[in-house]
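See structure below.
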Amino acid sequence: METILTHSGRWPEEHHGFVNTPVTRGSTVVFPTLDALEKGTQPYRYGRTGNPSAHSVETLVSELEGAAGTVLTPSGLSAITIALLSCLKAGDELLMTDSAYEPTRKLCNGVLARMGITTRYYDPRIGAGIADLISDNTSAIFTESPGSLTFEVQDLPAITAVARARGITTLVDNSWATPLYYRPLELGADIVVHAGTKMFVGHSDAMFGTISANADWFGKLRETHLLTGTCASPDDAFLAARGLRTLAIRMKEHEARALELASWLERQPGVRQVLHPALPSHPDHDLFKRDFTGSGSLFSFVLKPAPRAALQAMLDDIELYGMGYSWGGYESLILPVNPARIRTAVPWREDGNLLRIHTGFEGMDDLKADLKAGLERYMATA
Ligand SMILES: *Cc1c(COP(=O)(O)O)cnc(C)c1O
């Protein structure tokens, strides 16, 4: 995988020897003759339908995911939108994990509902039990593993076995593990999406998304992507390519740091539970070990219940952790989250405050000291 990350999607001989595929900004592509215009032999025809910057990242991500092909989108959410639109039509039912990224739910409950597509939420830990939820109209199952905010690991092979037997498409949001640590197409899934904004770009400086599909689905995906005009900007494709070159070493660091911090947090006063699937204490740890080869930067932890003032005391004076949405950059982030507000299939009953952490590249002692001081302020106010 490290060799793919370093070499795939680069053709220096086509760019005067320059190592990186340059940014090709452009709309119009000109053709020298009527024959060339009509025959479609030039690799690119118009800015929206393809350019070298996009081709570079498509090639690289397809190799990483073991996919038949990949398309690029202007954000992770647009990747999820186009992936779903490529396999759903009016009257269909979609099975959606209850642990999905919140904007994915809003897309389903808003736009898809308006188009006559029904979404049914399921327990992320349902596994082969998904068979009981399938109706004649079920045409797609969407998974996200581990789940956003709550980190349940899904039994993807059990789900895809059921889906394949019934001709149902399985989609995976693979943003957390990246193709380095989780290979959904090998586990039977059809379509994989990435919030490229996060680990692929890796520096908090661009919005980006990718959708990869197996041979069964790539044609339909590519058609839907072209017809909806949802191309990514060449500048953002370039930033994603640049980020991807160092993905393996960044992931290794994120993984080691997040794990160290997570197990340290498990021992801190005031911390009730740490939700990180690579910790032996996690309820889905065995499943995680079976299907994943590594873990990401992001995990959550539950604090002892306390009033909002305690959270305020902890977070308002925190120094190194930025309080903000998103994740995947070099800098650490912390975010109070509340799954109870959105969950429907499996209500979130934890009454302690839930915080999500993205572990960046600051010094570990500094990160621990900042959190320790924050936890002390929390406990003093609790
Ligand atoms: C951020 C995120 C997305 C959406 O990506 P954007 O680029 O912000 O649109 C999708 N899925 C997951 C798991 C995410 O964390």
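The values are calculated or read from the model by the stated rules, or taken from the named source; none is laboratory data. Note that this is a predicted model, so its numbers are computed, not measured. Note: ideal-geometry Cβ built from the backbone for every residue, glycine included; neighbour counts use all protein chains shown. For the accessible areas, the whole protein counts, side chains as well, though only heavy atoms, and no ligand, DNA or RNA atoms are used. Shrake-Rupley method; radii C 1.70, N 1.55, O 1.52, S 1.80 Å.
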Legend entry - Any chance Glu331 is at negative phi, assigned to a loop (DSSP other than H, G, I, E, B) and touching a helix residue (DSSP H, G or I) at 6+ places or on another chain (Cβ under 6 Å): no
Inset, instruction - Any chance you could count how many residues in region 136-158 are touching a strand residue (DSSP E or B) at 6+ places or on another chain (Cβ under 6 Å) and away from the ligand (no atom under 16 Å from the Cβ)? - result: 4
Inset, instruction - Report whether or not Asp98 is within 25 Å of Leu355 (Cβ to Cβ), within 16 Å of the ligand (Cβ to nearest atom), more than 14 Å from the chain's Cα centre (by Cα) and of a type outside the set (Phe, Trp, Tyr). - result: yes
Legend entry - Single condition Gly40 does not satisfy, out of (1) of a type in the set (Gly, Ala, Ser); (2) farther than 12 Å from Ala232 by Cα; (3) in contact (Cβ under 8 Å) with a residue 12 or more places away in the chain: (3)
Inset, instruction - Could you pull out every one of the strands (runs of 3 or more DSSP E) wholly within region 83-194 that has 1 or more residues that are of a type in the set (Val, Ile, Thr) and surrounded by 24 or more Cβ atoms within 10 Å (Cβ to Cβ)? - result: 93-97, 138-144, 169-173, 191-194
Inset, instruction - Would you mind finding the one in Asp235, Asp216 that is in contact (Cβ under 8 Å) with a residue 12 or more places away in the chain and more than 20 Å from Ala54 (Cβ to Cβ)? - result: Asp216
Inset, instruction - Please indicate, with yes or no, whether at least one residue in region 45-58 is assigned by TED's automatic domain parsing to the domain that holds Leu187 and surrounded by fewer than 11 Cβ atoms within 10 Å (Cβ to Cβ). - result: no
Legend entry - Pairs where the first residue, in region 70-97, is closer than 11 Å to Leu221 by Cβ and in contact (Cβ under 8 Å) with a residue 12 or more places away in the chain and the second is part of a strand (DSSP E or B) and among the aromatic types (Phe, Trp, Tyr), C-beta under 8 Å, 6+ apart: Leu84/Phe142
Inset, instruction - Identify, by number, the condition in (1) closer than 29 Å to Tyr182 by Cα; (2) part of a loop (DSSP other than H, G, I, E, B) that Tyr44 doesn't meet. - result: (1)
Inset, instruction - Working only within region 195-213, note down all residues that are within 12 Å of the chain's Cα centre (by Cα) and assigned to a strand (DSSP E or B). - result: Gly209, Thr210, Ile211
Inset, instruction - State the number of residues belonging to region 190-208 that are more than 10 Å from the ligand (Cβ to nearest atom) and farther than 10 Å from Gly328 by Cβ. - result: 4
Inset, instruction - Considering only region 320-373, state which residues are within 15 Å of the ligand (Cβ to nearest atom) and over 28 Å from Thr246 (Cβ atoms). - result: Val337, Pro339, Ile342
Inset, instruction - With respect to Ser295, determine if the residue is in contact with a strand residue (DSSP E or B) (Cβ under 6 Å, 6 or more places away or on another chain) and closer than 20 Å to Thr97 by Cβ. - result: no
Legend entry - Hits in region 202-224 - residues which are crowded, with 17+ Cβ neighbours inside 10 Å and either of a type in the set (D, E, K, R) or not assigned by TED's automatic domain parsing to the domain that holds Ala140 (or both): Arg222
Legend entry - Qualifying residue in region 161-170 (condition: closer than 22 Å to Ala67 by Cβ, more than 16 Å from the ligand (Cβ to nearest atom) and under 19 Å from the mean Cα position of the chain (by Cα)): yes
Inset, instruction - Considering only region 63-82, state which residues are open to solvent by less than 10 Å² (accessible area, probe 1.4 Å) and within 28 Å of Asp136 (Cβ to Cβ). - result: Ile80, Ile82
Legend entry - Matching entry among Val71, Val61 (being outside any helix (DSSP H, G or I), hydrophobic (A, V, I, L, M, F, W, C) and either within 12 Å of the ligand (Cβ to nearest atom) or at pLDDT 95 or above (or both)): Val71
